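Here the structure comes first, spelled out in structure tokens, and everything after it is commentary.
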Amino acid sequence: MPRVLICGPYPDPIGGISIHIQRLATLLNRAAIGTSFCDESANKKENIFNIRSLNFIAYASLIFKSDIVHIHSSIGIFRLMHLLFAFVMRKKTIVTLHSWRNGVISSYIWSLLFNLLCSKIILVNHAISKRLKVNIAKQVLYPAFIPPLDVLGDLPIELSAFIASAKLQHKKIASSNAFRIVEHNRQDLYGLDLCIDAFSKKEISESAVLVFSISDPSTNLKKIECYLKIIAERKLEDVIYLQLGSINFYALLQSSDISIRATNTDGDALSIRESLFLNKPCIASDCTNRPEGTQLFKNRSLDSLSESILNALRAPLPARSNSGALQEIENFYLKLYTDF
């Protein structure tokens, strides 16, 4: 079996890519495929190499000892570094693009680099494939979702108490998440502002509460404090709960009735796939192609989001089986690593 070096952010903090990497490693180890990691996260961990240490001897050694380098980087300089080192050492490379926000010129340059330097490139949705001109023989169009493969942790005590209190009031639980609070096109990328406005509406707040999880709150504390002030001014402390810090979002989804993905740009969002896997109604903006079964609202439209939330609260989904989904995903990755 090949040995795979997985490059990208390893949790904590928890985000869509880091959770994908963690679950992928678990899946590969179950199949007796050895893995090692090149972590790109700002949070350094014991016994896991971090590229930010700038220890290039250890970095080169990791690549040299691997058969395949699988790159999940969202930071361009890291992605380019992995590609170049792997190319020089004549290693097979796979790049997974979980999202793509680059402009036309940058996309053209990266397309040339991918065609020259990588063996295979996984594009998680059609929107990304349209923006890149990658050799069709190297392209694989496949969603990034891998279901949890191990035991889930508990939710924080305060969050569990908030959920329990809401359920005692016979309110539904809506959940949403963000890796960190950032802007795209001068708007809140994850749409927390829209969610606060939607749950400020009486017809929604009387029947539901919102838990909004922010994995890494440290990068924009001023904006988060502004949102907390708005929540307090509107007297919504019992309606909107901002979870600051990493949690197991899949565990939160299990306790939720609906989920919301109000981003104004996106890749193949893990939270949407997890919601659908758990048969939970998932409301998402129409900023990109979404998986079948997602309930769409018009991007950045408060009225459209509010209407979608009310519709989801009123109409439960029919039961659906996910048997066979995990086996299909396992087969895909086993074939991916052995079909060179």
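The values are calculated or read from the model by the stated rules, or taken from the named source; none is laboratory data. The structure displayed is predicted, hence computed values, not measured ones. Every residue, glycine as well, gets a Cβ built from its backbone with ideal geometry; the counts of neighbours run over all protein chains shown. Quick note on the areas: whole protein, heavy atoms, side chains included, nothing else; ligands and nucleic acids left out. Shrake-Rupley method; radii C 1.70, N 1.55, O 1.52, S 1.80 Å.
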* Asked: Going by the structure shown, is residue 328 open to solvent by 40 Å² or more (accessible area, probe 1.4 Å) and either β-branched (Val, Ile, Thr) or modelled with pLDDT of 95 or more (or both)?
  -> no
* To do: Report yes if some residue within segment 259-275 is surrounded by fewer than 16 Cβ atoms within 10 Å (Cβ to Cβ) and hydrophobic (A, V, I, L, M, F, W, C); otherwise report no.
  => no
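Matching residues to (1) polar (S, T, N, Q); (2) closer than 30 Å to residue 325 by Cβ; (3) open to solvent by 30 Å² or more (accessible area, probe 1.4 Å); (4) touching a strand residue (DSSP E or B) at 6+ places or on another chain (Cβ under 7 Å):
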position	(1), (2), (3), (4)
74	yes, yes, yes, no
90	no, no, yes, no
95	no, yes, no, yes
104	no, no, yes, no
111	yes, no, no, no
120	no, yes, yes, yes
125	yes, yes, no, no
133	no, no, yes, no
140	no, yes, yes, yes
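Being part of a helix (DSSP H, G or I) and either loosely packed, with under 13 Cβ neighbours inside 10 Å or not aromatic (Phe, Trp, Tyr) (or both) is the filter here, so list the residues in segment 44-60 that pass it. Give the steps one after another, and end with the answer.
Of all residues in segment 44-60, those part of a helix (DSSP H, G or I) come to 51-53, 56-60.
The answer is 51, 52, 53, 56, 57, 58, 60.
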* To do: Provide a single number: the residues in segment 281-304 that are more than 14 Å from residue 191 (Cα to Cα), under 17 Å from the mean Cα position of the chain (by Cα) and either of a type outside the set (Val, Ile, Thr) or surrounded by fewer than 14 Cβ atoms within 10 Å (Cβ to Cβ) (or both).
  => 4
* Asked: If residue 243 passes every condition in (1) assigned to a strand (DSSP E or B); (2) under 26 Å from residue 131 (Cα atoms) but one, which one does it miss?
  -> (2)
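Considering each of 12, 67 in turn, give the residue that is in contact with a helix residue (DSSP H, G or I) (Cβ under 9 Å, 6 or more places away or on another chain) and closer than 24 Å to residue 139 by Cα. I'd like the intermediate steps shown before the answer.
Details: 12 fails: closer than 24 Å to residue 139 by Cα.
Result of the check over 12, 67: 67.
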* So which residues in segment 191-226 are surrounded by fewer than 22 Cβ atoms within 10 Å (Cβ to Cβ), hydroxyl-bearing (Ser, Thr, Tyr), touching a helix residue (DSSP H, G or I) at 6+ places or on another chain (Cβ under 8 Å) and closer than 17 Å to residue 262 by Cβ? -> 205
* Among strands (runs of 3 or more DSSP E) lying entirely in segment 107-223, which contain 3 or more residues that are of a type outside the set (A, V, I, L, M)? -> 172-178
* Asked: Pairs, please: C-beta under 6 Å, at least 6 apart or cross-chain, first residue within 24 Å of residue 60 (Cα to Cα) and in segment 15-37, second among the polar types (S, T, N, Q)?
  -> 25/35; 28/35
* Structure fact -> Checked against (1) open to solvent by less than 40 Å² (accessible area, probe 1.4 Å); (2) in contact with a strand residue (DSSP E or B) (Cβ under 6 Å, 6 or more places away or on another chain), residue 340 satisfies every condition except (1)
